[in-house]
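So the structure is just underneath, and the comments pick up after that.
Nothing in this text is a laboratory measurement; each read-out follows from the coordinates by a stated rule. Small disclaimer: the values here were computed from a predicted structure and weren't measured. No Cβ is skipped: glycine too gets one built from the backbone with ideal geometry, and neighbour counts run over all protein chains shown.
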Amino acid sequence: MFFPNPLTVDDIRTTLATKHLGQYLHLHRELASTNGEAIALAQSGAKHGTVVVADSQTAGRGRQARSWFSPGGVNLYCSILVRPSNIHIPFGDWLSWIPLASAVALTETVRTVAGVPLSLKWPNDLLFNEKKIGGILCENGTDQSKQAFVVIGIGLNVNVEPDSFPPDLAVTAGSLMQGSQRPIDRNRLLSQLLNDLEQVLDELGLEGPRRLQHAYTAACATIGKRVRVVLAGSRELLGVAQAIGRDGALLVLPSPPLPQGNQQVMEIRTADVIHLRE
Ligand code: BTN
């Protein structure tokens, strides 16, 4: 189904209701990576809330050094620059919750705009019917004035046809249009995303992650599942995911028990998690 829906700054602004996010909006026909561009802008002092959007990416990047499938005209690829001004919680807590808080915001956006209930695979894969329809890549750094920043990179498969995915994604990836049974307006989706993300980030900075931890847990399909956790250096852990920790870690009970007899719940912070069938 062809749905001509060009991204335009005017259309995005029509329903944008934010104070900061998207007030500086850079829209490109094509970029290597919106995260790369947003990081370059951040390093030269761009303001909190600056947003970079591209209709297509030639070197879109995903977590764990993977690439992100980024064809033109159909999906959303955007990066949001956030700086930790006016935060009332420790910087480390803020930083570790940004990816999970962003995932919570995205589930709200997609429910509002497309009527599709997404679930989350820890840490921040967006799933519909167990197919991955979106992902989040957060990259942080400091600028020339030694000010910290985070770039939240969001990729959403919106109106891409299922048979357009490359063979390595064909089984695992899906698009929002499959869930909603109709094409989705990318301009509206982006403005709502920025509205929701601003609210969630304000809440995180002012009140901390308490409600977000509940909201994330409620949406997280990983909790209660048998999982294979692929750690750094290709080490693996089999277990059952129990909960989300106070700092956003995934708490996993090893099963079968570890040979050392240490039956403590493991706190997983950086890893790939695979849901296993029961
Ligand atoms: C993942 O691996 O699940 C995260 C994917 C994040 C992709 C987005 S697309 C917009 C932004 N720019 C990038 O190069 N990557 C992120």
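Taking the condition among the acidic types (D, E) and surrounded by fewer than 19 Cβ atoms within 10 Å (Cβ to Cβ), does D93 pass? Walk me through how you get there before you give the answer.
On the way: among the acidic types (D, E): yes; surrounded by fewer than 19 Cβ atoms within 10 Å (Cβ to Cβ): yes.
Answer is yes for this residue.
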Problem - strands (runs of 3 or more DSSP E) enclosed by the stretch 90-176 - at least 1 residues per element that are within 22 Å of L231 (Cα to Cα) - result: 119-121, 125-128, 131-142
Problem - In the stretch 1-13, residue surrounded by the most Cβ atoms within 10 Å (Cβ to Cβ) [restricted to those that are part of a helix (DSSP H, G or I) and of a type in the set (A, V, I, L, M, F, W, C)] - result: I12
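Restricting the stretch 29-57 to residues that are surrounded by fewer than 18 Cβ atoms within 10 Å (Cβ to Cβ) and closer than 28 Å to Q181 by Cα, which is nearest to the ligand (Cβ to nearest atom)?
Let us first name the residues in the stretch 29-57 that are surrounded by fewer than 18 Cβ atoms within 10 Å (Cβ to Cβ), namely 29-30, 32, 40, 43-45, 47, 56.
Next, only the ones that are closer than 28 Å to Q181 by Cα stay: 29-30, 56.
Numbers: R29: 15, E30: 12, S56: 10 Å.
Restricting to residues being surrounded by fewer than 18 Cβ atoms within 10 Å (Cβ to Cβ) and closer than 28 Å to Q181 by Cα, the top hit is S56.
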Exercise for the section: Check whether at least one residue in the stretch 184-196 is surrounded by fewer than 17 Cβ atoms within 10 Å (Cβ to Cβ), away from the ligand (no atom under 14 Å from the Cβ) and not aromatic (F, W, Y), and report yes or no. Expected result: no
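Could you please let me know if S145 is away from the ligand (no atom under 15 Å from the Cβ) and within 15 Å of P209 (Cβ to Cβ)? Walk me through it before giving the result.
On the way: away from the ligand (no atom under 15 Å from the Cβ): yes; within 15 Å of P209 (Cβ to Cβ): no.
In short, no.
Which residue out of L16, L81 is of a type in the set (A, V, I, L, M) and assigned to a strand (DSSP E or B)? Before the answer, list the steps.
Values: L16 fails: assigned to a strand (DSSP E or B).
Going through L16, L81 in turn, the sole match is L81.
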Handout entry: Condition check for V74: surrounded by 20 or more Cβ atoms within 10 Å (Cβ to Cβ) and in contact with an Asp or Glu (Cβ under 6 Å, 6 or more places away or on another chain)
Key = no
